Amino acid sequence: MAEVSDVDAALVTASRWLDDVPGVVGVGQGEAEGAPTIDVWMTPGHDPGQLPSQLLGVPVRVRDSGGPIEPQPG
């Protein structure tokens, strides 16, 4: 199982995908079967094949964002 420091480091690395990988609109920590995951939300139609299946030993799960993410006025 991945250590907390590995998960934190993986999240920092994965957050770069927001700028570097087309279609990535969100990155966060998730959980599958009691183990931490890196969840990556992508807009439909983009290729998740350029993302690794794991990062620093933490599994990467690609999630469908359901469509484009638009900033809301604050």
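The values are calculated or read from the model by the stated rules, or taken from the named source; none is laboratory data. Please read all numbers here as calculations on a predicted model, not as lab measurements. Cβ atoms come from the backbone with ideal geometry, glycine included; neighbour counts cover every protein chain shown. The area values use the complete protein model at the heavy-atom level, side chains included, leaving out ligands, DNA and RNA. Shrake-Rupley method; radii C 1.70, N 1.55, O 1.52, S 1.80 Å.
Could you check, for region 16-39, whether at least one of its residues is out of contact with any Gly (no Cβ under 7 Å at 6 or more places or on another chain), touching a residue at least 40 places away in the same chain (Cβ under 8 Å) and not in a strand (DSSP E or B)? No - not one qualifying residue is present in region 16-39. The single condition among (1) without any contact (Cβ under 8 Å) to a residue 12 or more places away in the chain; (2) not in a helix (DSSP H, G or I) that Val60 does not satisfy is (1).
Within region 1-11, restricting attention to residues that are part of a helix (DSSP H, G or I) and open to solvent by 20 Å² or more (accessible area, probe 1.4 Å), the residue that is modelled with the lowest pLDDT is Val4. Looking at Ala14 and the list (1) at pLDDT 95 or above; (2) in contact with a helix residue (DSSP H, G or I) (Cβ under 9 Å, 6 or more places away or on another chain), which single condition is not satisfied? The one condition Ala14 does not meet is (2).
Of all residues in region 32-55, count the ones that are more than 15 Å from Gly66 (Cα to Cα), open to solvent by 40 Å² or more (accessible area, probe 1.4 Å) and either in contact with an Asp or Glu (Cβ under 9 Å, 6 or more places away or on another chain) or not acidic (Asp, Glu) (or both).
Number satisfying all stated conditions: 6.
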